[in-house]
């Protein structure tokens, strides 16, 4: 019951009932990315949107689909996949706020252990 209410009333847990109804009435399926997000557009191609598989987080959209969503490219990656340069890295979603976020040495959320100060530091003391 709670999962249904979350789906019905909250947009950040996925797609709302209104988005689902609009997609069923006006959407044309375009493709799906490697993360399971599904992409749609209107029949005339003027509007494009994504139905997220899980959490509605914009950083979960890979760069090739991002370009299509924002009308940077005309063809979706399923029709015209972009050329991948040898120097490009794999897309990673924003990990801030997750257990996988970067935590530098000495961070309160990390191990809590900071490397000892070296001899080149002298604390200020008022005179």
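Miscellaneous remarks
- Here the translational diffusion coefficient of the chain follows from Stokes-Einstein with Rh set to the Kirkwood radius across Cα pairs; for 37 °C and 0.692 mPa s it amounts to 179 µm²/s.
- Rough spin-label spacing in nm, given labels placed 7 Å along Cα→Cβ, for residue 71 and residue 21: 2.7 nm
- Dividing the summed helix terms, -39500 (n - 2.57) for each DSSP H run of n ≥ 4, by the number of residues in the chain produces a 222 nm estimate of -5500 deg cm²/dmol to the nearest 500.
- If R0 is 35 Å, the Cβ-Cβ spacing of residue 57 and residue 123 corresponds to a FRET efficiency of close to 0.25.
- Protection-proxy order for peptides 48-59, 88-99, each taking the mean of Cβ atoms within 10 Å per residue, highest first: 48-59, 88-99
- Which of 42, 23 has the fewest Cβ neighbours within 10 Å, and the rest in rising order: 42, 23
- Listing 44, 64 from fewest to most neighbouring C-beta atoms within 10 Å gives 44, 64.
- Approximate spin-label separation residue 44-residue 88, in nm, with each point projected 7 Å along Cα-to-Cβ: 3.2 nm
- Of the residues 21, 2, the one with the fewest other Cβ atoms within 10 Å heads the list, and the complete ranking is 2, 21.
Where a number appears in this text, it was derived from the coordinates with a stated rule and is not lab data. All figures in this text were calculated on a predicted structure; none of them were measured in a lab. Virtual Cβ from ideal backbone geometry, glycine too; neighbours counted across all protein chains shown.
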